[in-house]
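Worksheet for the structure shown next.
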Amino acid sequence: MRPGLLFAGTERGVWVSFDDGASWQSLRLNLPIVPVHDLALKEGDLVAATHGRSFWILDDISPLRQLSRAVPREAAHLFKPREAYRVDWSGGFFGGGTDAHPVGKNPPNGAMIYYWLKEKSRPVTLDILDGAGRPIKSFTSKQDSLEVRDSVRTDSLRRVRTDSLKSAGISDSVKIDSIFAADTLKDEDKPWPRRPPAEPRVPNKAGLNMFAWNLRYPGPRAFWGMTNVVTDGPMALPGAYRARLTVGGKSYVQSFALKPDPRSKATPADLRAQFAFLKQVRDTVNAVTTAVITIRNVRTQLEDRMAQAPPPAAVASARALADRLGAIGQALYQVRSQADEDALVYPPMATERISTLIFVAGSPDARPTAQSYDVFRMFAPEIDKELVALHETLARDLPAVNAALKAANVAAVVPRAAELRPPEPTVAK
């Protein structure tokens, strides 16, 4: 406990003092104006018992315990995270509330990392490192290109909707925001093909910021319209970790501990075996998704080259290569799947089947079962066979196609693991 840190419940909320009560300031945040008749500190959380508004909890008061007079004067400051537990707090079937009408939330999964920024909108990078300083995952405050495009489109739609509502006599900003939030589609509600999920962004507002690392290593790469493929990365093992904040070319590092779920009976050896298996499954699925992206890239380039009307022989060879690549892609992943329910009509391929091991073996704190290893050994050879076929096909057939294109003064096809445009929806026959 920090010397001089006091909390007081009053008839109009909670107050905090950093100097043994010589001065006080409001700690209301989003707490309603309500009498607070009791306060308690529980494992680093501040619990408030209100009169008429139930219990409120301020999760993790580590920043308050570490706050000094010098912090607000710094360009940036990274607070030392408190220890995290290897626990998934999610579950149940009722999330409660909406974006427009939120309700109380459980604390986020993982390690909560707090930092102070003197100025808003500065580029921020947050790296998660293991105890030896090896990078695990990196997060940034920058939007990716798709997020920028969606943000511009959303802002334009908001302006049009706001003008329309105001002309209809609705001028209350809260009501307008509520209507807009209810009518705005989230990524998961948009029609197929949906974009690959964006990585969470670290906030960069002026003042105190918080980012929660979900304790997971990177998962398999996703592609446009991908369905029925599990993409969670392996959960980190208990141990020592570091957070590295970079702002304005200067880095700040703090260490924190990740502890096992105290309810779990899994041994360290069990968790290491689970991590190794999930990493193997992740790498296998990632090899497939990267291959699918490469196949799409090459086939798109071939389509574009054929549209430039080269000689018939060049078109024939390009079309033959596109068909062979399409067959490999179909053997790896069910390309006709456009929704979760499509698995009832179109059988999942080896990739979808093997990826379910990420969920099956990763859900409990336990060593993977013998059946999980058996399933991996069943489908991994099928995947390896198609990946070898992809490599051999590109190495054998693409040079001849490029030679024909070059003879027709058409640009060569250069394979890359990057999608040039989203796939077109397929029509059931």
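The values are calculated or read from the model by the stated rules, or taken from the named source; none is laboratory data. Quick caveat, the model's predicted, so the values are computed rather than measured. Heads up, the Cβs are rebuilt from the backbone with ideal geometry, glycines too, and the neighbour counts pull from every protein chain shown. SASA here: full protein model, heavy atoms, side chains in, ligands and nucleic acids out. Shrake-Rupley method; radii C 1.70, N 1.55, O 1.52, S 1.80 Å.
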I need two numbers for the stretch 224-376: Rg to one decimal and Dmax as a whole number, Cα atoms only, in Å.
21.6, 69
Using only Cα atoms, tell me the angle between helix 173-183 and the longest principal axis of the chain; keep it within 0 to 90° and round to the nearest 10.
30
Carbon plus sulfur, as percent of the 1.4 Å-probe accessible area of the chain, comes to 55
hull vol. (C-alpha, convex hull) per residue for the stretch 229-315, Å³ -> 172
Just need log10 I(q)/I(0) for the stretch 107-146 at q = 0.21, 0.26 Å⁻¹, Debye formula, equal scatterers on the alpha-carbon atoms, no solvent, rounded to two decimals.
-0.92, -1.08
Cα-based Rg/(2.2 N^0.38 Å) for the chain, rounded to two decimals, is 1.21
What is the helix-to-structure angle for 312-332, meaning the angle in degrees between its Cα long axis and the longest Cα principal axis of the chain, kept from 0 to 90 and rounded to the nearest 10?
50
Amide H to amide H under 5 Å from Gly13: which residues, 5+ apart in sequence or cross-chain, H placed 1.01 Å off N in plane?
Val34, Val36
Counting sequence-distant residues (5 or more places) and residues on other chains, those with an amide H built under 5 Å from that of Arg216 are Ala236
Cα long-axis angle, helix 145-167 against the chain (0 to 90 degrees, to the nearest 10)
60
Let me know the whole percent of all Cα-Cα pairs from the stretch 301-401 that are separated by more than 17 Å.
64
Keeping all protein chains in place, calculate the accessible area per residue for the chain (probe 1.4 angstrom), answer in Å².
57
Between Lys265 and Asp38, 0.36 nm times their residue separation minus their Cα-Cα distance comes to what?
78.1 nm
Helix-only mean residue ellipticity at 222 nm for the chain, each DSSP H run of n ≥ 4 adding -39500 (n - 2.57), per residue, nearest 500
-12000 deg cm²/dmol
Defining a contact as two alpha carbons under 8 Å apart and six or more residues distant in sequence, what relative contact order in percent does the chain show?
14
The chain, dipole about Cα centre (Lys/Arg Cβ +1, Asp/Glu Cβ -1), debye to the nearest 20:
980
Just need the Rg to Rh number for the stretch 1-82, please, alpha carbons only, Kirkwood Rh.
0.98
